[in-house]
Structure formats: C-alpha cells, structure tokens
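Every number in this text was worked out from the coordinates using simple rules, so none of it is lab data. All values reported here derive from a predicted model rather than from experimental measurement. All Cβ positions, glycine included, derive from the backbone under ideal geometry; neighbour counts span all protein chains shown.
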Amino acid sequence: MAAEIQPQPQARKPCLLSKIEAFQDVVSTAVIIPKEDGVISVSEDRTIRVWLKRDSGQYWPSVYHTMSTSCSCMSFNPETRRLSLGMDTGSICDFILSEDYNKMTPASTYQAHQGRVTVVLFVLEMEWLLSTGQDKNFNWHCSESGQQLGTYRTAACVSGLQFDVETRHAFVGDQSGQVTILKLEQDSCSLVTTFKGHTGNVTALCWDPVQRVLFSGSSDHSIIMWDIGGRKGTAIEMQGHHDKVQGLCYASHTRQLISCSSDGGIVIWNMDVTRQETPEWLDSDSCQKCEQPFFWNFKQMWDSKKIGLRQHHCRKCGQAVCGKCSSKRSTIPLMGFEFEVRVCDSCHESITDEDRAPTATFHDSKHCIVYMHYEPTTGNLLTSGTDKVIKLWDMTPVVS
Ligand SMILES: [Zn+2]
Ligand SMILES: [Zn+2]
C-alpha cells in the first residue's frame, strides 16, 4: 500500500554564516548593508566601522572612525547612504557613506536633546529625522536643514520608535511599558491613543505597514501584536521567550516575525495563523468548577466548614479555579502560549494534539543578544552579543 507523501513544511532555521569579532566593547547597534555584503557597526568603544566581505569570506573594515563621545543609536538609509548617529551628549551626527563604502564624510551635527539620544529614525519620504532622548523629548528635525520642526513630551524615556509614512503616525514605546501613537504634521503633532499592555519596559517596536500591525516587545518577556488594520482592537500576547525581548523584525515576504531575547533565544513566529485573544480573568469567591470557597470567602468557609483555597485562573477560558481543578498544564499556541500554562481540567480535555502544534520555532544564537537587525533583501539576520561578537545568520527557508 503506497504511503501518502506529505509535503515537507518549510522551516526557517538560522544558519550561522559569519562572525565579526575584534571589538574592544559591545556593539550596541549594527545594520546589514543590502546588496553590498557589508555591515555598519557602532560599538561602545566609540568606533563606527564599515565592514565589507572580502574574497577570503572574512569581513574587514573599510571605514574605521572613532567618535569623541559614545554613540547610543543609529539610523542608516541605504538609498541615500545616510548614517545618522545619536550621541550620548544629545547631539545627532549625520554622515554620508561613499558609493563603494570606503569613505564616511560628515554632513551635519546638531544638538537635538539634553542628555543621551535613545532612538533615531530617518524618514526619507518626509525628509525628517525623528529622535528621542533621555530628556523625554520626542523631536523631529528637517534632515536637510537640521532645523527642529516639532517636539512632544513623552511620559517616560523612549526605547522604541516606528513611523508609518502613509498616515504619518509615529509609534513611541517607552520605559513605563506603554506605546503612544502620535499623528505628526510638519511642525505639530496630536496624541491619537496609548496602548497599555506590558508590565515591563517596551524594548522593541516593529511596524508592518502592509497588514497594519504593530508588534511591541518588552522586558516582561512578552510580545504583543496590536492589530490596527483589523479595526477591532485585537491585541494578542505572544509568549515564547524566557528573558527580556531585545529585538523584533517582520519578514513580510514569508509572513514571519523574528524576535530575540537577552538569553540568546531567537523565535521565528508563523504569522499566517490566526491567533485568538486571551480571555479576561473572571472574578469569583469560589472555584467555578468544584465551588469550594477561596480563602477570603469566610462566610462560605464557615457555612460549609471548608478550608479556603487559593485562586488560580485557566488561561484558556479565564475561569477562577482552585489548584485541584487546574492541575494540568498545556501549551496553547493559537492563543500565543508557546510554553505550558495552567488550564482547567475541562479545557485540558478540549485541547487536541493539533491545537498544541507549535506556531513558532525556537533557536539558540549562543550569545546574549543586545541588538538584532534583519535585512529582507538578502534574508540575513544580524545579532550582536554581550560577548562583543556580531553574528550573521542566513534565514532563507530550508526544508526541514
Ligand atoms: Zn475546584
Ligand atoms: Zn478552562
């Protein structure tokens, strides 16, 4: 009897291509240069280096520039080869890289913030340079004249920034855990709304302008997918990391979200599946399964001569249950739980093996990641670690 041949699923597994070492300090931010097989690195040793892949297969610096103070963030635009550096002093230094990437010429410097610049983002279409600083200001400057156009005071220090060119919305993620959405005009802005969902700092933001979905990563280990395009206010929590989320990238051609955490974990999420929101946790004074009282319910404890129990919640149905009625654990990938969570006994029975099929793959970069960058044209991923090493990974699909 002929066995039915199942098509092998396409899985993406990061495959280590190269390592760039030779840093005195940690590389705080770096980007892959598309088409050129190059990397721009900004290290805490104050060096800005452009690395090009040589015939030997090794990366060698073609530019080695030392700044007078530490650089905290950068934005690189491959079309104009414009490199904008945010400095610890609050200034922004713009450079233009030569076509062969062998030379870096200073373009302009301006004082944008009082205190360290935390994020810079160059928007070619608007000729804007957006920046946030330790001074809690979100500013935008004309990238041509260096003139400040507008400013907005944020609730806390900003650690993530994204911009939607079409609608001119800026997404500003801060250390209080919230994401502020601002509508920018040439010289003013208005507050649209605020997303609150994380219990820790927002550490990374990623905007997919096609699906109109915002992803936020946090030090609380979670990622939240804010579905703006769906217009139903859906926010889905994705639990797949055991440590602080350090980076988020969306690969639109394969519809995968790539996330990394400070313990070195890289998670590749299949975004072709429809995930559901987790239910609100229900309030009850007694277990909603066996009706035993919870410990604060003195009246029922007295009336029924029963000992009060601790309250738990089933992650699938949200019911308040006692420990005995929720003794089992399960993954619920379609609710974003890639790890086992508490479920009540009846929900445990209802979850099939098919429901438990993971919707993400888990990989180990073998270094503690501080920064991540994905280049969609080459399908390569860059990770920078506390080991002062940059690793380049091939993310193109392989048959598993
Ligand atoms: Zn119970
Ligand atoms: Zn349940």
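All other residues whose Cβ lies under 11 angstrom from that of Phe294 are scored, Lys and Arg at +1 and Asp and Glu at -1, for a net of -1.
Springs between Cα atoms under 10 Å define the GNM used for the chain, and in it the highest mean-square fluctuation of Val165, Val120, Val39 occurs at Val165. Taking other C-beta atoms within 10 Å as the exposure proxy, Asp55, Asp272, Asp94 rank Asp55, Asp272, Asp94 from fewest upward.
The spread of Cα positions in the chain, taken along each principal axis and listed from longest to shortest, comes to 80, 63, 38 Å.
Multiplying the residue separation of Lys35 and Phe339 by 0.36 nm and removing their Cα-Cα distance gives an extension gain of 105.6 nm.
Among Lys35, Lys316, Lys244, the largest mean-square fluctuation in a Gaussian network model of the chain, built with springs joining Cα atoms closer than 10 Å, belongs to Lys35. Scalar couplings 3J(HN,Hα) for segment 37-45, obtained by applying the Karplus form with A = 6.51, B = -1.76, C = 1.60 to θ = phi - 60°, are 6, x, 9, 10, 10, 10, 10, 5, 7 Hz; x denotes Gly and Pro. Full-extension gain between Arg329 and Val165, please, as 0.36 nm times their residue separation minus the C-alpha to C-alpha distance. Length gained, Arg329 through Val165: 54.7 nm. The 3J(HN,Hα) values that the Karplus relation (6.51, -1.76, 1.60; θ = phi - 60°) gives for segment 363-373 are, in residue order, 9, 10, 7, 6, 8, 6, 7, 9, 8, 9, 9 Hz. Gly and Pro appear as x.
In summary, the lysines within cross-link reach of Lys196, defined as a Cα separation below 24 angstrom excluding same-chain residues under 8 places away, comprise Lys136, Lys183, Lys232, Lys244, Lys316. At an R0 of 22 angstrom, the distance between the Cβ atoms of Trp302 and Glu280 translates into a FRET efficiency of 0.15. Fully extending the segment from Lys232 to Asp394, taken as 0.36 nm per residue of separation minus the present Cα-Cα distance, adds 54.7 nm. Distance between the 7 Å Cα→Cβ label points at Asp45 and Ala107: 2.8 nm. Our note on the geometry: Cα centres of segment 58-104 and segment 349-367, 40 Å apart. Cross-link reach is defined here as a Cα-Cα straight distance under 17 Å, omitting same-chain residues fewer than 8 places apart; for Lys19 the aspartates and glutamates meeting it are Glu36, Asp37, Asp55, Asp364, Glu375, Asp387, Asp394. Going 7 Å from the Cα of Glu125 in the Cα-to-Cβ direction, what parts of segment 148-169 have a backbone nitrogen less than 18 Å from that spot? Correct set: 161-169. Which of the lysines could a cross-linker bridge to Lys299, judged by Cα under 21 Å and excluding same-chain residues fewer than eight apart? Partners found: Lys289.
Rounded to the nearest whole Hz, the Karplus-based 3J(HN,Hα) values (6.51 cos²θ - 1.76 cosθ + 1.60, θ = phi - 60°) of segment 198-209 follow the sequence 8, 9, x, 4, 7, 9, 7, 10, 8, 10, 9, x, with x at glycine and proline. Residues whose amide H falls under 5 Å from that of Ser70, counting only those 5 or more places apart or on a different chain, are Asp88, with hydrogens built in the peptide plane. Residues whose amide H falls under 5 Å from that of Lys328, counting only those 5 or more places apart or on a different chain, are Val343, with hydrogens built in the peptide plane.
For Gln288, the amide hydrogen comes within under 5 Å of the amide hydrogens of Ala320, Val321, Cys322, counting only partners 5 or more places away or on other chains and with H modelled in the peptide plane. Only helical runs count toward this figure. For the chain, summing -39,500 (n - 2.57) over DSSP H runs of n ≥ 4 and dividing by all residues gives -1000 deg cm²/dmol at 222 nm.
Size descriptors for segment 279-358, from the alpha-carbon set: Rg then Dmax equal 14.0, 46 Å. Each part gets one Cα centre, and for segment 158-187 versus segment 128-157 those centres are 11 Å apart. Of all the options Ile20, Ile351, Ile32, the one that moves most in a Gaussian network model of the chain with Cα springs shorter than 10 angstrom is Ile351.
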